[in-house]
């Protein structure tokens, strides 16, 4: 995003907050237009369920309307929106049965005492783009992301999927920049390992034909 | 000469372009001699792209959009009554 674009977005946000705080009902539609897709997508990626994501989106919009006067502008308005979305999604998650946690460490790369990689690394990165719209690939990716521990998953969703800056993710989650980077790196390593299993098998099957 | 472990620890900053010139150079020297680490770099990058493209395909389904629209209408009505 360019600097001017960022500046414009910030001005639009600020005007919207002022309208809402002044009780302008028309601002409801503008808020919904600007944020409902982001709110829905983030909550859907955390909850993997349409009804739950719909509930969360409604709840978040309602909180934005009702609590707008508690927003003090210490952080960006969008950071506030993301935080409310995360809280609301986590509340929903906690009310559900918990999936067993996977240890991320088991899936991180392993090295020998000299610091060399211990496993055989295949390069499956070529031609994966063509598999993007394949249902099975989508399923594998969704499942892998679903297995990420919460702490790493939320950083991954905000930074890599939403495309927010490291600084912004730090602001939303109240984390230092090194902490954001480290969680994101661990998330990517975990996902790489999970996807490797699938793509290596896919490539070897293709080779057999 | 850096080892694979250091190489993988540095990948994040390497992709962001935030390594110093010297560190970047030693990393690239490592890549030249270590095909597994190149494979790792390529698949690390692909993982991010694949996941982003897949997870960004999420759209609000029509029925959810309709529910949200009537919800907004209702909220506006309530607010105007006050």
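FYI, it's all coordinate maths here, none of it is from the lab. Note that this is a predicted model, so its numbers are computed, not measured. Every residue, glycine as well, gets a Cβ built from its backbone with ideal geometry; the counts of neighbours run over all protein chains shown.
Between residue A:83 and residue B:45, the FRET efficiency estimated from the beta carbon spacing at R0 = 35 angstrom works out to 0.75. Counts of other chain beta carbons within 10 angstrom of each beta carbon in peptide B:70-79 average 4.
Please order A:168, A:37 by the number of other Cβ within 10 Å, starting at the fewest.
Fewest-to-most ranking of A:168, A:37: A:37, A:168.
Computed from Cα atoms, the angle from the helix A:135-147 axis to the main principal axis of chain A rounds to 70 degrees.
Working note: Debye formula, equal point scatterers on the alpha-carbon atoms of the stretch A:104-197, no solvent; log10 I(q)/I(0) at q = 0.20, 0.24 Å⁻¹ is -1.05, -1.21. For residue A:108 and residue A:179, the difference between the fully extended length at 0.36 nm per residue and the C-alpha to C-alpha distance is 23.8 nm. Taking the longest Cα principal axis of chain A as reference, the axis of helix A:26-47 is set at about 20 degrees. Ordering A:57, B:67 by the number of other Cβ atoms within 10 Å of each residue's own Cβ, fewest first, gives B:67, A:57.
Placing pseudo-labels 7 Å out from each Cα toward the beta carbon at residue B:9 and residue B:59 gives an inter-label distance of 4.6 nm. For the residues of A:156-164, the average number of beta carbons from a partner chain within 10 Å of their own beta carbon is 3. Taking the average, over residues, of other Cβ atoms within 10 Å as the packing measure, peptides B:27-34, A:120-127 rank A:120-127, B:27-34 from highest down.
Working note: Cα gyration tensor of the protein assembly as shown, eigenvalues times five, square-rooted, sorted largest first, giving semi-axes of 40, 22, 16 Å.
Relative to the longest principal axis of the Cα atoms of chain B, the long axis of helix B:35-55 lies at roughly 10 degrees. Counting, for every residue in A:117-130, the Cβ atoms of other protein chains within 10 Å of its Cβ and taking the mean gives 5. From helices alone, the protein assembly as shown scores -23500 deg cm²/dmol at 222 nm; the rule is -39500 (n - 2.57) for each run of n ≥ 4 DSSP H residues, then divide by the residue total. Footprinting exposure proxy ranking of A:74, A:153, fewest other C-beta atoms within 10 angstrom first, gives A:74, A:153.
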